[in-house]
Amino acid sequence: MSKSKPATQLKAETKTNTHKIIAKQDLASNIKQIQVLAPEIAQKAKAGQFVILRVHEDSERIPLTLVTWDNDGTITLIFQEVGYSTIELGKLTVGDEILNIAGPLGKPSEIKNYGKVAVVCGGVGTAAAYPIAKALKEAGSTVISIIGARNQQLLLLEEEMAKVSDEFFISTDDGSKGHKGFVSDVLKTLIDKNYGFATVYAIGPPIMMKVASDVTRPYKIKTIVSLNPIMVDGMGMCGACRVAVANQTKFACVDGPEFDAHQVDFKELMQRLKGYVPEEKSIIQHLNPLGGKCTCHQH
Amino acid sequence: MPPALMQQQQLQNRWQAIPMSSQKPAERINNFSEVAKGYTEEQALAEASRCLTCPNPQCVQGCPVNVDIPAFIKLITEHKYADAIRKVKEKNSLPAICGRVCPQEEQCQKYCVLGKKGDAVSIGRLERFVADLELTKPLTIPKPQTLNGKKVAVLGAGPAGLTVAADLAKRGYKVVVYEALHVAGGVLVYGIPEFRLPKKIVQAEVDYIKALGVELRTDSLIGRLFTIDELLEEGFDAVFIGTGAGLPKFLGVPGENLNGIYSANEFLIRVNLMKSYKFPQFKTPIRVGKKVAVIGGGNVALDSARSALRLGAESVCLVYRRSRGEMPARLEEILHAEEEGITCKFLASPTRFLGDEQGRVTGMEYIAMKLGEPDESGRRHPVPIKGSEVVMDVDTVIVAIGRTPNPIIQSTTQGLNTTKNGIIVVDTDTGQSSLDAVYAGGDVATGEATVISAMGSGKKAAHSIHNSLTR
């Protein structure tokens, strides 16, 4: 008779891992970086992919781009506190756990030796652009980076980007560092100086990506953008993230997040991103995530 | 039995089913609590006593998972409720769910001999009664299995996957279920609303399956986290794909990406999975305006319409391109929706959406249809009537015109044959795909169907996986 092995007893749902925060850093006001345990995701992640996470049982699912992933089983995420859920995430500290992280999601970037590539990024988009610039460099491309922000304090990953770039430019809206103006101005100047870009990656706020793609269009330079529309599941189920690309409806979560910039309907993308602004405002009023009382009924 | 009920039963015509009480329409449109309340013990006994316990029962052939229906009903008449549920669970691991959402009128009850002259026995309500009764007691952990040393990976914790997992675990397999979302249940948790299927019922049935020794891994999207090849290399002896039909279809008409236009999937995921009907306690928002149009005529369309009503819409209109007789939804659900005040516009199909400067939908133009020749579904095909376009005011639209399989696994698995719609091609007898040791069942292999048919195909696949691994 074979010895009978008892079946596993009833136990809590086995999560892929417990996602403990092992480091946290403020990069700028409202912009935070966290390093989180997620060994399976760390092993599988590729440049251009993202995760969906949920902080607590009653939280939203929010998409965040994977910035780095390491052999030590951790991933790094960078986020700007813009709404309730990102503020809630920002309140977690080292040792806290994130309830759910699913990933890697989305199609990886097409990484190869393109020859000369411009990586143009603005704001928190720099966090998403960094792993792509790094991978392009490792694949043999000549990487020319242009990073921008409203001002010097909001510039992200300067050193890291410089390290993976053959040439590196900075642009700030107020001129506090580098070129005064927009990253798209710098891009235009370089194109006119005959840099001969084979491909341009533009990642940042939608308006920045639109302007950058308007710059490259007359030169017919292949331009890729990474879109970050509203998502719920992030796995191809809800269609909240649908974008019009060449007049076809695509889902950013499974068909993207990267698309041919010259085919994207940016106006629609920007309108769809504003779909829940009133609800975002109301929840912050009702449940002040930073503490304090609800102020909305004080008439 | 109390005298009043005994009298009722004597007076009762054997041809008449005992009705099940439900929340009144005026009350239930203000809450997400379950509409149908289930039988009391007395009602269940009275209904069970109507069963003729036919020696050659016809009902069983209508059940995709072959529950021994007369046997469990007989046990109810003998007050042996624990034995009755055990009898059901021999074949069906999700009875509290099936008792609620199976289209019994199309299945077991359709074959009931009593149905020839009167009402069929309410098999579904009786199944729900014994299942619910069991859930009020502490979970009885089934006898531990002797593990047979074989491992099976199940992709997707919906009705098909959970059935495969349960059946194989009962046979001694080590089963790991990979679920992409943060919670198990598939369409049972993201799709079917609380008022038709309370989520605590789903959780209880999932707990039972875990008690059978099944390991459940959430947040694991196969195709991205691991490929099927990697799972097989890692030591799984077989893989079952039960990833459902999760990719929403859109109409493909101008203006469909305006704000305020949802896929039914998005609308229901927000409401059910993310519980936005409890916003702001739950943080995922949903916006429902005053005038809602729901496009489609199936159960998903009705679930969306009834949810929109409960979220405060002033009017909800179902817009369907065929007529009432062709609606694929269950009759019971259509009646529930009509009682709640949902209106229907038949023989109409949207042609474009109109919006304001902020990109929010304000109107829907639709064209009148007439029914032409029957198409491949056997239903008469709707044909547009030229020049009949009309605009109706709407501020919210929910598109519920069907779903196709999610493409991620299909696009990351070499050699897995699919149809052009992404449906995995399987041997209908065994559930085996074009790849050795890879099986598929449920909506991903059949196209959109019912919970119970997904369970039926899961059962078949579990059986052939077992046969192939013990050969």
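Throughout, read-outs are computed from the coordinates displayed, never taken from laboratory work. This structure is a prediction, so every number in the text was calculated from the model and none was measured. Positions of Cβ are generated from backbone atoms using ideal geometry, with glycine treated the same way; all protein chains shown enter the neighbour counts.
Under the shape rule built on the C-alpha gyration tensor, where the axes satisfy a ≥ b ≥ c, the range B:238-338 is rounded, since a/c falls short of 1.5. Looking only at the range B:210-366, where both bridge partners belong to it, what percent of the DSSP beta bridges are antiparallel (to the nearest 5)? Close to 35 percent.
A simple packing score, the average count of other Cβ atoms within 10 Å per residue, orders the peptides B:229-238, B:458-467, B:391-400 as B:458-467, B:391-400, B:229-238, with the highest score first. Once you divide the Cα radius of gyration of the range A:15-105 by 2.2 N^0.38 Å, the number left is 0.97.
Taken over the range B:1-160, the ratio of Cα radius of gyration to 2.2 N^0.38 Å equals 1.14. Of all DSSP beta bridges confined to chain B, the antiparallel ones make up roughly 40%. Between 0 and 90 degrees, the angle of helix A:277-286 with respect to the longest Cα principal axis of chain A falls at about 50 degrees. For the range B:301-438, the share of alpha carbon pairs falling in successive 5 Å distance bins from zero is 2, 8, 14, 14, 15, 14, 12, 10, 7, 4, 1 percent. Per the Debye formula on identical point scatterers at the alpha carbon atoms of chain B, with no solvent, log10 I(q)/I(0) at q = 0.07, 0.08 Å⁻¹ is -0.38, -0.51. In terms of overall dimensions, the range A:91-180 has a Cα radius of gyration and Dmax of 15.3, 43 angstrom.
Mean separation of Cα pairs under 8 Å and 6 or more residues apart, divided by the residue count, gives the range B:23-79 a relative contact order of 33 percent.
Could you tell me the relative contact order of chain B? Use alpha-carbon pairs under 8 Å, at least six residues apart, and round to a whole percent.
15 percent
Antiparallel beta bridges, as assigned by DSSP with both residues in the protein assembly as shown, represent about 50 percent of the total such bridges.
The spread of Cα positions in the range B:178-311, taken along each principal axis and listed from longest to shortest, comes to 54, 35, 28 Å.
Computed about the Cα centre, the dipole magnitude for the protein assembly as shown is approximately 880 debye when only Lys and Arg (+1) and Asp and Glu (-1) carry charge, each at its Cβ. Between the amide H of B:S388 and those of B:A368, distances stay under 5 Å, these residues lying 5 or more places away or on another chain, with hydrogens modeled in the peptide plane. Within the straight-line cut-off of under 21 Å between alpha carbons, the lysines reachable from A:K188 are A:K116, A:K177, A:K180, A:K210, A:K220, A:K222, sequence neighbours fewer than 8 places apart in one chain being disregarded.
Ignoring the sites themselves, chain A has its longest run without GluC sites (Glu not before Pro) in a DSSP loop having at most 16 other Cβ atoms within 10 Å at A:111-299. Projecting each Cα onto the charge dipole of the range B:352-471 (Lys/Arg +1, Asp/Glu -1 at the beta carbon, about the Cα centre), which of B:Q432, B:A400, B:Q358 comes out farthest on the positive side? The residue sitting farthest along the positive end of the dipole is B:Q432.
For the range B:88-224, the C-alpha radius of gyration sits at 1.14 times the compact-globule guess of 2.2 N^0.38 Å, with N the residue count.
Quick check on chain A: what are the equivalent-ellipsoid semi-axes from the Cα gyration tensor, as sqrt(5λ), descending, whole Å?
After diagonalising the Cα gyration tensor, the semi-axes are 34, 24, 20 Å.
If eta is 1.002 mPa s and T is 20 °C, what Stokes-Einstein diffusion coefficient results for the protein assembly as shown, Kirkwood Rh from Cα pairs, in µm²/s? It diffuses with D of about 76 µm²/s by this estimate.
Evaluated with a Cβ-only charge set (Lys, Arg +1; Asp, Glu -1), the range B:250-401 carries a dipole of roughly 260 debye about its Cα centre, given to the nearest 20.
Of A:T249, A:T86, the sequence from fewest to most neighbouring Cβ atoms within 10 angstrom is A:T249, A:T86.
Put a plus charge on the Cβ of each Lys and Arg, a minus charge on the Cβ of each Asp and Glu, and nothing anywhere else: the dipole of the range A:116-273 about its Cα centre is then about 280 debye.
Among A:Y114, B:Y208, A:Y130, the ranking by other beta carbons within 10 Å of each residue's beta carbon, starting with the fewest, stands as A:Y114, B:Y208, A:Y130. In the range B:32-76, Rg over Rh equals 1.07, where Rg is the alpha-carbon radius of gyration and Rh the Kirkwood radius from pairwise Cα distances. Legend: helices of chain B (whole DSSP H runs) are marked when their alpha-carbon atoms reach 20 angstrom or more along the helix axis and their mean Kyte-Doolittle hydropathy is at least -0.5; marked are B:451-470. Beyond 24 Å in Cα-Cα separation lie the following of the pairs A:K107/B:K150; B:K110/B:K345; A:K137/A:K193: A:K107/B:K150; B:K110/B:K345. In the range B:3-135, a dipole from Cβ-located charges (positive for Lys and Arg, negative for Asp and Glu) runs towards its positive end, and of B:C98, B:G62, B:H79 it is B:G62 whose Cα lies farthest in that direction. Taking only the C-alpha atoms of the range A:130-242, Rg followed by Dmax gives 15.0, 45 Å.
Binning the C-alpha pair distances of the range B:258-316 at 10 Å intervals from 0 yields a P(r) profile of 25, 59, 16, 0 %, listed from the shortest bin outward. For a straight C-alpha distance cut-off of 19 angstrom, the aspartates and glutamates reachable from B:K460 (same-chain residues fewer than eight places away being disregarded) are B:D68, B:E90, B:D167, B:D237, B:D427, B:D429, B:D436, B:D443, B:E448. Each listed q (0.17, 0.18, 0.25, 0.29 Å⁻¹) maps to a log10 I(q)/I(0) for the range B:75-138 from the Debye sum over equal C-alpha point scatterers, namely -0.59, -0.65, -1.08, -1.24. Taking the alpha carbon gyration tensor of the range A:132-192, multiplying each eigenvalue by 5 and rooting it gives semi-axes of 21, 14, 7 Å, largest first. When you restrict to C-alpha pairs under 8 Å that are six or more residues apart and normalise by the size of chain A, the relative contact order lands at 15 percent.
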